[in-house]
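Here the structure is laid out as structure tokens; the discussion comes afterwards.
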Amino acid sequence: MTEGQTGFAASTIKVLPVVHRISLSDLFDSLHFGFDDFEAMPSHAIFLCVIYPLIGIFLISIASGNSMLQLAFPIAAGFALVGPFAAVGLYELSRRRESGLDISPLRAFDPLRSPSFGAIAALGLLLMAIFFLWLAVAQAVYVANFGYASPSSIPQFIDDVFATPKGWRMMIVGTSIGFLFAVVVLTISVVSFPLLLDRAVGVPVALATSIRVVASNPWAIALWGLIVATLLVIGSIPFFLGLPVVMPVLGHATWHLYRKAVDASALPRAEPRAFETAHRFAADFPAALFSTPYRKSNR
């Protein structure tokens, strides 16, 4: 077997992406370009993101059944933890528009044919695990303050949260822990998904590059996280109805932020498979999740 077939190509990359310093103007340029992409592809973006608010409404309706009422806010806030994975199709549309390629709606599903799909899925599963861990921690914070009994009603729960010392303690502790979760996710995902979509690298390189971007630009990335959080809050009120606009703009903008923060031109592209794929073997798992093996057909 060749190195690419064995599934270790990405783990043996010798040239790492170059990380640039970014400024405040780069953040606003990214938002501007993101909104420009949204204007150019509004139907595509809404098509991709309409499911996002619907899922949010569904989850909140479940939580409002009182048995999970205490998790309503953690569910809404934690949704941002999986946002980078949910926006992969938006990154692809921005990438194609930037390259002058076809931007028809179905192209948003090209990441499914990407040689990096295994790595993208693995990183997405990591974010999902963090999301469910956050919910478990939020439930533990509630139990530590109010015990195992579920809220008796929505008005009673609101009164308990805002009018009692236990409620304020729960909010302060929960918000502080949630902030830490958000920092972790921002650090590992600010450019990792766009990099996996753009270049044939594995999860370790993508994570390392994202961490390097944050380390090189701590204040700029902190401000970017604040911008993202603020826009998501605005888009979530009321009932997530603003997210079909906010999510696409942020998704497209994240692609442009990646292009400003990372130069990965020395690495091979991760073009969607329009050719014969290499055979995979059971022995390649789980190494295949960290590589991008493929073989072009002879034409």
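The values are calculated or read from the model by the stated rules, or taken from the named source; none is laboratory data. A quick note: this is a predicted structure, and the numbers were derived from the prediction, not measured. Neighbour counts are summed over all protein chains in view; Cβ atoms, including those assigned to glycine, are modelled from backbone coordinates with ideal geometry.
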Problem - Filter pass, LEU123 being out of contact with any His (no Cβ under 8 Å at 6 or more places or on another chain), over 20 Å from GLY178 (Cβ atoms) and at pLDDT 95 or above - result: yes
Fill in the blank from the handout: Counting only helices (runs of 4 or more DSSP H) entirely within segment 195-265, those with at least 3 residues that are within 19 Å of HIS32 (Cα to Cα) are 218-236, 243-261
Handout entry: Residue satisfying all of: in segment 162-190; closer than 29 Å to ALA121 by Cα and among the aromatic types (Phe, Trp, Tyr); surrounded by the fewest Cβ atoms within 10 Å (Cβ to Cβ) among these
Key = PHE179
Practice task
Consider THR187 carefully, then state whether it is assigned to a helix (DSSP H, G or I) and in contact with a helix residue (DSSP H, G or I) (Cβ under 9 Å, 6 or more places away or on another chain).
Solution key: yes
Exercise for the section: Return yes when VAL233 is of a type in the set (Val, Ile, Thr) and more than 24 Å from GLU92 (Cβ to Cβ) and no when it is not. Expected result: yes
Problem - Filter result for the condition that a residue is closer than 15 Å to ALA80 by Cα, hydroxyl-bearing (Ser, Thr, Tyr) and in contact (Cβ under 8 Å) with a residue 40 or more places away in the chain, over SER236, SER192 - result: SER236
Practice task
Quick one: ASP159 ticks every box in (1) among the charged types (D, E, K, R); (2) closer than 23 Å to SER23 by Cβ; (3) in contact with a helix residue (DSSP H, G or I) (Cβ under 9 Å, 6 or more places away or on another chain) except a single one, so which number is it?
Solution key: (2)
Practice task
Kindly state which helices (runs of 4 or more DSSP H) lie completely within segment 1-106 and contain at least 1 residues that are modelled with pLDDT under 85 and out of contact with any Leu (no Cβ under 9 Å at 6 or more places or on another chain).
Solution key: 3-6, 42-49, 51-63, 72-86
Handout entry: Hey, VAL213 among the β-branched types (Val, Ile, Thr) and more than 30 Å from ALA261 (Cβ to Cβ) or not
Key = no
Handout entry: Tabulated pairs, segment 128-153, first in a helix (DSSP H, G or I), second among the small types (Gly, Ala, Ser), C-beta under 6 angstrom, 6+ apart or interchain
Key = PHE131/GLY78; TRP134/GLY78; ALA138/GLY174; VAL141/GLY174
